[in-house]
Amino acid sequence: MLLENKLIYENYYLNGQKELWDKFEPLILVNNRKIKMLLEKNKHLIHVSDDKNYSNLYYIQQLLLHIKEFEGSRCDEEKRRFLLFPKEVDSMFGVEPVDDYFIPMTESLEKLIYILKKKGQFCEIVLGEDKPYISVLENGKKEIIYLTDAPRLRQLYFEHKCFIKTKVRLNSLNFALKYVKQACGLPFKFANDTSLREVIIKNKHVIFVYEYCLSKADVYELSPAEAVVVNLHGWNGRGCISSDAYKMADQFNTELLTMEDFYGYIRKLRDN
């Protein structure tokens, strides 16, 4: 119904086809009443946040007000409408994506992928791109979900109970992998099926973390034997890795890199 309304609006109203718009506008009203009934009965299934800018339920409430105004102003000669259809609604139901922002929790995305794999719905994930995405099977058809399509991902995380406290920021991880793939032309693959934070680059096991200051305890917890650990958190420069962490890493034959070091490391890998 959302898609049908969208097609009628774009093909007739936006193209100035008044006669066809007048003919099909009643169908939008019928669809709107059905949509309103479904949403009012199922509000508990919609993601909600205290911050309206990050709340799918807020956009649903905006849609319900839009529906009310749309029907109430239909007989007005000028049909002046102030509450526009919220594009985020089309996003959350997979009608049309929005280019919004990265939801930061890499771990939430990992959990969603794990659940979709168990359901046989996961196809692939593509990182290291300007528009990274996951592709899934929806009603037997392959669908691409961009990782900046925040309302859609919020709804998926909510439905599958995937919200997890952020440890590694997804936008930082994608930026690092984009440098590997696009700037240096190196392919990478994920080291295992459960983590997006571990990749193989030219036979090197690279683990990405996000710590204000990577500590000895952090390295011990990772136990990264013969790996390269990259701290994506670079706000405090070289202070993002402690001296004790470097000493602990030596015991694991592991290399610790800041982001600045990582750039040079990848260039060296490329040139060798």
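When region 228-271 is examined, which residues are found to be modelled with pLDDT of 95 or more, among the hydrophobic types (A, V, I, L, M, F, W, C) and assigned to a loop (DSSP other than H, G, I, E, B)? Within region 228-271, just Leu232 meets the criteria. Filtered by the rule that a residue be touching a strand residue (DSSP E or B) at 6+ places or on another chain (Cβ under 7 Å) and within 26 Å of Ile201 (Cα to Cα), region 117-138 gives Phe122, Cys123, Glu124, Ile125, Val126, Lys131, Pro132, Tyr133, Ile134, Ser135, Val136.
Just the residues that are closer than 16 Å to Ala227 by Cβ and more than 20 Å from the chain's Cα centre (by Cα), please, taken from region 190-212. The answer is Ala191, Asn192, Ile200, Ile201, Lys202, Asn203, Lys204, His205, Val206, Ile207, Glu211. Go through region 245-272 residue by residue and tally those that are surrounded by 15 or more Cβ atoms within 10 Å (Cβ to Cβ), over 26 Å from the mean Cα position of the chain (by Cα) and of a type outside the set (Val, Ile, Thr). Residues that pass the stated criteria total 11. For region 191-220, filtering for residues that are farther than 24 Å from Asp271 by Cβ and not charged (D, E, K, R) leaves 13. Glu25 - would you say it is surrounded by fewer than 13 Cβ atoms within 10 Å (Cβ to Cβ), in contact (Cβ under 8 Å) with a residue 24 or more places away in the chain, touching a helix residue (DSSP H, G or I) at 6+ places or on another chain (Cβ under 9 Å) and farther than 16 Å from Leu156 by Cα? Spelling it out, it is not the case that Glu25 is surrounded by fewer than 13 Cβ atoms within 10 Å (Cβ to Cβ), in contact (Cβ under 8 Å) with a residue 24 or more places away in the chain, touching a helix residue (DSSP H, G or I) at 6+ places or on another chain (Cβ under 9 Å) and farther than 16 Å from Leu156 by Cα. Among Leu39, Leu57, which is the only one that is at pLDDT 95 or above and within 20 Å of Phe158 (Cα to Cα)? Leu57 is the lone residue from the list that is at pLDDT 95 or above and within 20 Å of Phe158 (Cα to Cα). Note on region 70-92: among residues that are surrounded by 14 or more Cβ atoms within 10 Å (Cβ to Cβ) and at pLDDT below 70, the one that is farthest from Gln155 (Cα to Cα) is Ser73.
The values are calculated or read from the model by the stated rules, or taken from the named source; none is laboratory data. These numbers were taken from a predicted model, which means no experiment stands behind them. Every residue, glycine as well, gets a Cβ built from its backbone with ideal geometry; the counts of neighbours run over all protein chains shown.
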